[in-house]
1. Hey, could you check segment B:251-300 for residues that are among the polar types (S, T, N, Q) and within 20 Å of B:Q203 (Cα to Cα) and say which is farthest from the other protein chains (Cβ to nearest Cβ)?
2. For segment A:5-16, check the following and say yes or no: at least one residue is surrounded by fewer than 16 Cβ atoms within 10 Å (Cβ to Cβ), assigned to a loop (DSSP other than H, G, I, E, B) and either within 7 Å of chain B (Cβ to nearest Cβ) or modelled with pLDDT under 60 (or both).
3. From the list A:K40, A:K64, exactly one residue is open to solvent by 80 Å² or more (accessible area, probe 1.4 Å), of a type in the set (K, R), modelled with pLDDT of 95 or more and closer than 30 Å to A:A132 by Cβ. Which is it?
4. Tell me the residue from B:K182, B:K171, B:K160 that is within 11 Å of chain A (Cβ to nearest Cβ) and open to solvent by 60 Å² or more (accessible area, probe 1.4 Å), please.
5. Only one of these conditions is not met by A:L155: (1) among the aliphatic types (A, V, I, L, M); (2) closer than 23 Å to A:F100 by Cβ; (3) out of contact with any Leu (no Cβ under 8 Å at 6 or more places or on another chain). Which number is it?
6. Determine whether segment B:288-297 contains at least one residue that is in a loop (DSSP other than H, G, I, E, B), surrounded by fewer than 16 Cβ atoms within 10 Å (Cβ to Cβ) and more than 18 Å from the chain's Cα centre (by Cα).
Amino acid sequence: MIRFLIFFIGLSLFSCAENKTSSPVFPSKIEGKQVPVSAKITEDKAIKDFIAPYKERIDDEMNKVLSYTPKILSKTDGEYNTPIGNMMADAVLEMAQPIFHQRTTKNIDAVLLNHGGIRANIDKGDITTKTAYNIMPFENEVVIVEITGAKLNDLFTYLTKAKRAHPIAGMQLILDKNNQIKKATIQGKPVDKNKTYYIATSDFLQQGGDNMLFFAHPKNLTILDYKLRNLFIDYFSKHPKINPIKDQRFIKE
Amino acid sequence: MKRRSFIQKASAATLLSTVGSTAFLSTAFKKPVSQKHITILHTNDVHSHIEPFPASHSRNPNQGGVAKRYTLIKQIRKENPNTLLLDAGDIFQGTPFFNFYGGELEFKLMSKLGYDAATLGNHDFDNSIEGLHAQLPNASFEILNANYNFENTVLNGKIKPYKVFVKDDVKIGVFGLGIELKGLVNQKMYKETRYINPVEIAQDITEKLKKDEKCDLVICLSHLGYHYKNDKIDDLKLAKQTKNIDLIIGGHTHTFLKKPTITQNSEGKNVLVNQVGWAGINLGRIDFYLDEAQKITNNKGASIIV
């Protein structure tokens, strides 16, 4: 009996410690709604002031002018290749190649990015750090896959069927009027089935993004630890002016 | 657990027959309750949207922003101090604030706003599990997840499955559920984090919150997503396959609902599922009015007004 009593007191103390002294209660009425954080609500000053120095540093960095474009660049500027896409693929080849070569003594043969990955236009005029954040807001990074000639043919088939201006560099693909491959070359030569090729892309696409299954299970995968956004920032910093054009790398006759 | 409830019943019976010492204990145990009012405020998928959208934004000009959200929260807390503030994940990623400061500002601001708890979204791993770990000291609120096993990671012991809050003597159990990271996040980011079936975990935890912790309300913070047409687990499926959950606060799918969804659990009782879009454009608000059982005449449970 006494043992029970002690146990019970213990229980009640335990309940007190959790600040619950009353009987259980049950919801009898529930109201649910959504409160819009609308334009007319006043900003809390203390919070705004707290954010200010963080914002200033970002703005300073973001507004730094890196390069210049005499015309607006948009991913809708072409059917099979676009100036902005060509610039992005060329930038990957130019900036990633020396790092890849230094690490592996191999060379990047070609680049494939995805059209959907061009996240914004580049406006005419100054190109700033913010431009790089706009076109590449994600944290994706450059990877280089070593794939067989057969897989490279799958890549060309993919581009043929996709009929989208997926950015490429180091390759040429010409389709005839019936959407059949008329010419498909890499580094200016036809695909050699017995060779392997080094293709630079993003980790997102290598992992099956946009259904680019030919990048799965490559013979070798090299991760450069180089974010695409940083690569574009470096590319813009290196070129005081960019003026990419639509060219013959991927066309339909 | 069965043994404990037996002892409780036995001891209660014993005490009733023990004159004298029972007086203070019985009052301590059964204080009369008037109606209780608990307000739950919630956000999801804020994605580092610390400032309002710019005035030039085509869809949401001048909407959102942490400073405005705080103005609203302070107003509502003045109306009802018994308010919990919760977030359903994807706090990180989406503006340069995250790229520059790695989530520091997001966590510091949520602490200033007085968030009580948040769960983890897939994007909260975008700076890797170490990056998330490094920001934990900036979060004065609890980060809850019950279905990621962090045993072999830096987060081991840092993330609790649930927390019980007491507001105006009402016990509110809050637990967190996360989406399968494989395929959404690079494995080198989440490392050895192992995903566990959220339904089984939810069944176990709600049982515990209801029976052991004696919670009056059970809230699930979910980053599973509102609804998928295929078999993938979502908030609506979770509601159907569990019991004892009063409210599921969702995220991940950036779903804008005209009003919170009322659905039924495995016992046919009502469950509320809510999600408020993304980017901090909206604040969700759920008000619970609670009474003792005998005062509730409607045996279908609470009347829900949405």
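The values are calculated or read from the model by the stated rules, or taken from the named source; none is laboratory data. Because the structure is predicted, anything quoted here is derived from the model rather than measured. Here the Cβ positions follow ideal geometry from the backbone for every residue, glycine too, while neighbour counts run over all protein chains shown. Surface accessibility is based on the protein's heavy atoms, side chains included, excluding ligands, DNA and RNA. Shrake-Rupley method; radii C 1.70, N 1.55, O 1.52, S 1.80 Å.
1. The qualifying residue farthest from the other protein chains (Cβ to nearest Cβ) is B:S266.
2. Within segment A:5-16, not a single residue is surrounded by fewer than 16 Cβ atoms within 10 Å (Cβ to Cβ), assigned to a loop (DSSP other than H, G, I, E, B) and either within 7 Å of chain B (Cβ to nearest Cβ) or modelled with pLDDT under 60 (or both).
3. One residue alone meets the criteria, A:K64.
4. On the way: B:K171 fails: open to solvent by 60 Å² or more (accessible area, probe 1.4 Å); B:K160 fails: within 11 Å of chain A (Cβ to nearest Cβ).
After applying the criteria, what remains is B:K182.
5. (3)
6. Keep residues of segment B:288-297 that are in a loop (DSSP other than H, G, I, E, B), which gives B:292, B:296-297.
This time we only want the ones that are surrounded by fewer than 16 Cβ atoms within 10 Å (Cβ to Cβ), so: B:297.
Now narrow it down to the ones that are more than 18 Å from the chain's Cα centre (by Cα): B:297.
Yes; the residues of segment B:288-297 include at least one that is in a loop (DSSP other than H, G, I, E, B), surrounded by fewer than 16 Cβ atoms within 10 Å (Cβ to Cβ) and more than 18 Å from the chain's Cα centre (by Cα).
Per-residue answers, yes or no, for (1) assigned to a helix (DSSP H, G or I); (2) at pLDDT 95 or above:
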position: A:G78; (1), (2): no, yes
position: A:N81; (1), (2): no, yes
position: A:N86; (1), (2): yes, yes
position: A:L93; (1), (2): yes, yes
position: A:I99; (1), (2): yes, yes
position: A:K106; (1), (2): no, yes
position: A:V111; (1), (2): no, yes
position: A:R119; (1), (2): no, no
position: A:K130; (1), (2): yes, no
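Yes or no, residue by residue, for (1) open to solvent by 30 Å² or more (accessible area, probe 1.4 Å); (2) part of a helix (DSSP H, G or I); (3) touching a strand residue (DSSP E or B) at 6+ places or on another chain (Cβ under 8 Å):
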residue	(1), (2), (3)
B:G89	no, no, yes
B:F97	no, yes, no
B:K112	yes, yes, no
B:Y115	no, no, yes
B:L132	no, yes, no
B:Q135	no, yes, no
B:S140	yes, no, no
B:A146	no, no, yes
